[in-house]
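The structure that follows is given in the form of structure tokens.
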Amino acid sequence: MSEPLLRVLSRMRGHLLDPDVLVKAVASGRQKGQQPRWKRVELRYVDLKAGRHLQVTAYDDTQAHTSNYATAPAGQPSPARDAVDDLLDQPFGNWHVDTTTQSHQVRVTKKLEAVAHTTDRAAEIEVDRGHDRDKVRLLAEDDPVFRALGLTDAQGRMKPSRQAKYRQVEEFLRLLDASITDALDKGHLRRPTAQEPLRIVDLGCGNAYLTFAAQRFLTSVRELPVVVTGVDVKEQSREHNSAVAADLGVDAEFVVGSISGARLDRAPEVVLALHACDTATDEALARAVEWEAQLVLAAPCCHHDIAAQLRKAPTPAPYAMLTRHGILRERFADTLTDALRASLMRIAGYRVDVVQFVESQHTPRNTLLRAVRTGSPVKGGGVRKEYDELVAAWSIRPRLAQLLDAREAGTGA
Ligand SMILES: C[S@@+](CC[C@H](N)C(=O)[O-])C[C@H]1O[C@@H](n2cnc3c(N)ncnc32)[C@H](O)[C@@H]1O
């Protein structure tokens with residue numbers, strides 16, 4: 001049942017301003033016809049040397065910006081209070097506010113009223129106020145999924161050797177969460193139901209860390225029914241992943257086969273391809289286009305194809321210095337490959353962002369292509385012309401272009 005928006009926001013304000021009870025709050029989405037300054041904002045209290053502060057992490061299209069605001073007793077000027085009021089003034093479409101005893105979900109309707117849903121926790125929870133952003137986890141370290149995947153020990157503590165993987169999973173979940181919220185808000189993804197769960201495929205899933213983490217996060221934290229399928233050429237992956245699924249009691253299917261050839265009963269709506277090797281990322285993008293997938297998250301891995309073509313083709317003037325030195329040529333090939341992929345996806349009717357996936361000190365393979373199907377190819381011939389001129393100038397032919405052309409012509413590539 002809807003309630004006046006101001007009344008509900010003022011109730012949430014009470015929770016947001018209580019440093020003793022707020023665990024974490026997330027604002028995301030947008031109100032009808034409005035655009036908040038940030039795509040998503042997360043709030044929590046942290047204990048710094050200078051006392052308890054409100055920590056706000058605000059996300060734009062490409063990165064996170066973190067700021068800390070001092071708290072103060074009622075009646076005194078409080079930067080934290082001002083920051084909360086500024087954020088409540090922003091036209092976010094959703095607020096999720098977790099306190100030590102309750103979880104509140106607020107959705108703003110098209111009529112600019114609020115639908116609020118509150119769940120009581122079975123028991124009061126303790127809050128970790130350490131000033132370590134890593135501890136603001138989307139999936140807790142002791143979540144059963146990490147034990148089943150062998151990342152944690154018997155006590156539910158992350159194994160030191162698996163910290164980097166855990167961080168990668170978390171960063172991926174952050175991007176997935178923001179992308180799904182945005183796609184749902186804008187109507188690019190349908191709202192899934194228990195009868196019609198969201199169909200997600202992970203292409204080149206390997207040992208399915210990200211597949212299982214996505215399934216667990218979306219169902220248990222976001223409460224979105226999803227069904228996941230993993231595809232990998234290795235039979236060993238299917239065996240390993242099926243055993244993990246059985247251990248977790250999760251309904252997930254694992255298929256052995258190439259990304260290009262995998263047969264699925266129904267076309268997936270979300271396609272994931274994370275560090276699929278070299279042109280396997282092109283295969284994944286081409287399948288996503290074929291399936292008309294609404295959301296695609298692809299983190300490319302090694303980029304050998306265009307690098308090899310650059311080595312053979314004459315470098316157009318005056319760009320010889322870009323390819324003269326091996327290391328620069330490889331890096332340039334990486335950039336060129338992903339820029340061309342983004343362009344081809346735009347031509348195929350997707351809105352594309354290229355964003356940082358994990359911080360570069362953790363892996364150099366940290367670019368992620370996020371594509372949302374808008375259904376309408378980019379207007380005018382400008383993008384196509386720019387693409388054609390670029391590949392002609394460098395005498396290259398990206399694998400994705402070959403795959404898309406072959407599918408259009410109804411032949412294999
Ligand atoms: C580097 S691993 C990444 C695994 C997983 N996505 C992750 O991020 O943890 C790449 C995986 O892609 C699989 N792979 C590579 N090319 C493939 C193809 N053409 N079709 C299916 N699987 C492929 C490999 O077998 C391997 O398991």
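Over region 208-342, what is the relative contact order in whole percent, taking alpha-carbon pairs under 8 Å and six or more residues apart?
This gives 16 percent for region 208-342.
At 1.4 Å probe size, put R266, R174, R399, R346 in order of accessible surface, largest to smallest.
So the residues, ranked largest to smallest area, are R266, R346, R399, R174.
Which ³J(HN,Hα) values in Hz, rounded to whole numbers, follow from the phi angles of region 257-265 under the Karplus curve 6.51 cos²θ - 1.76 cosθ + 1.60, where θ = phi - 60° and Gly and Pro get x?
So the J values, rounded to whole Hz, are x, 7, 4, 5, x, 4, 9, 10, 4.
With springs only between Cα atoms under 10 Å apart, run a GNM on the chain and tell me which of A276, A246, A154 wobbles the most.
Among A276, A246, A154, the largest mean-square fluctuation in the Gaussian network model of the chain belongs to A154.
How large is the helix-only mean residue ellipticity at 222 nm for the chain, computed as the sum of -39500 (n - 2.57) over DSSP H runs with n ≥ 4, divided by its residue count, in deg cm²/dmol to the nearest 500?
Calculated from helices alone, the mean residue ellipticity at 222 nm is -11000 deg cm²/dmol.
A further question follows. Please count, across the chain, the pairs of lysine residues with Cα atoms under 18 Å apart that sit 8 or more places apart or on different chains.
Lysine pairs meeting both conditions in the chain amount to 11.
Stretched out fully, how many nm does the piece from A393 to T62 gain, at 0.36 nm a residue minus the Cα gap?
My answer for the length gained is 116.2 nm.
Roughly speaking, to the nearest percent, how much of the chain's 1.4 Å accessible area is carbon and sulfur?
Carbon with sulfur: 49 percent of the solvent-accessible area.
What is the spread of the Cα atoms of region 365-413 along each of their three principal axes, largest first, in whole Å?
Principal extents (Cα only, largest first): 33, 28, 25 Å.
Report the local net charge at P160: Lys and Arg +1, Asp and Glu -1, summed over other residues whose C-beta lies under 13 Å from its C-beta.
+3
While we're on this one: Pulled fully out, how much extra length does the chain show between L48 and R7, if you take 0.36 nm times their separation in residues and subtract their Cα-Cα distance?
Gain in length upon complete extension: 11.5 nm.
Also: So, in Å, what gap is there between the alpha-carbon centers of region 225-279 and region 327-358?
Result: 24 Å between the Cα centres.
Where the convex hull is taken over the Cα atoms of region 2-136, what is its projected area averaged over directions, in nm²?
Answer in nm², one decimal: 8.5.
Can I ask one more? In degrees, nearest 10, range 0 to 90: what is the angle between the Cα axis of helix 280-291 and the longest Cα principal axis of the chain?
Approximately 80 degrees, to the nearest ten.
How much accessible surface area, in Å² rounded to 10, belongs to the heavy atoms of R191 with a 1.4 Å probe?
R191 exposes around 140 Å² with every protein chain in place.
Still on this structure, I have one more. Averaging over all projection directions, find the projected area of the Cα convex hull of region 88-228 and quote it in nm² with one decimal place.
10.7
Moving on to the next point. So for the pair D251, Q76, with labels modelled 7 Å out along Cα→Cβ, what separation do we get in nm?
Here the answer is 5.5 nm between the modelled labels.
May I ask for the angle, rounded to the nearest 10°, between helix 326-347 and the longest principal axis of the chain, with both axes built from Cα atoms and the value confined to 0 to 90°?
For helix 326-347, the angle is close to 80 degrees.
Something else: Relative to the first principal axis of the alpha-carbon coordinates of the chain, what is the inclination of helix 79-89, with its axis defined by its Cα atoms, in degrees from 0 to 90 and to the nearest 10?
It works out to around 60 degrees.
Quick one: Karplus J couplings for region 67-73, per residue in order, coefficients 6.51, -1.76, 1.60, θ = phi - 60°, nearest Hz, x for Gly and Pro?
9, 10, 10, 5, 9, 8, x
Using the heavy atoms of the protein chains and a 1.4 angstrom probe, tell me the accessible area per residue for the chain in square angstrom.
48
Related question: So how far apart, in nm, are the two label points at T119 and E223 if each is 7 Å from Cα heading toward Cβ?
Distance between the two pseudo-spin positions: 0.5 nm.
Additional query: For A313 and Q90, compute 0.36 nm times the residue count separating them, minus their Cα-Cα distance, and round to one decimal in nm.
75.1 nm
Taking amide hydrogens as modeled 1.01 Å from N in the peptide plane, which residues meet the under 5 Å criterion relative to Q102, leaving out close sequence neighbours?
R121
Summing +1 for each Lys or Arg and -1 for each Asp or Glu, what net charge is found among the other residues whose Cβ lies under 13 Å from the Cβ of A245?
-3
Here is a follow-up. Considering amide H positions built from the backbone, and no H for Pro or chain starts, which residues 5 or more places from G93, or on another chain, come under 5 Å of its amide H?
S28, G29, R30, Q31
For region 385-393, what does the Karplus curve 6.51 cos²θ - 1.76 cosθ + 1.60, with θ = phi - 60°, yield as ³J(HN,Hα) per residue in whole Hz, taken in order and with x for Gly and Pro?
5, 4, 4, 4, 5, 5, 5, 5, 4
Considering Cα pairs under 8 angstrom that are at least six residues apart, work out the relative contact order of the chain and quote it in whole percent.
After rounding, I find 11 percent.
Show me, bin by bin at 20 Å from 0, the whole-percent P(r) of the chain based on Cα pairs.
Going out from 0 Å in 20 Å bins, the chain shows 24, 54, 21, 1 percent.
The values are calculated or read from the model by the stated rules, or taken from the named source; none is laboratory data. Remember, it's a predicted structure, so these values are computed and weren't measured experimentally. When we count neighbours, we look across all protein chains shown, and the Cβ atoms used for this are built from the backbone with ideal geometry, even at glycine. Areas reflect the complete protein model, heavy atoms only, side chains present, ligands, DNA and RNA absent. Shrake-Rupley method; radii C 1.70, N 1.55, O 1.52, S 1.80 Å.
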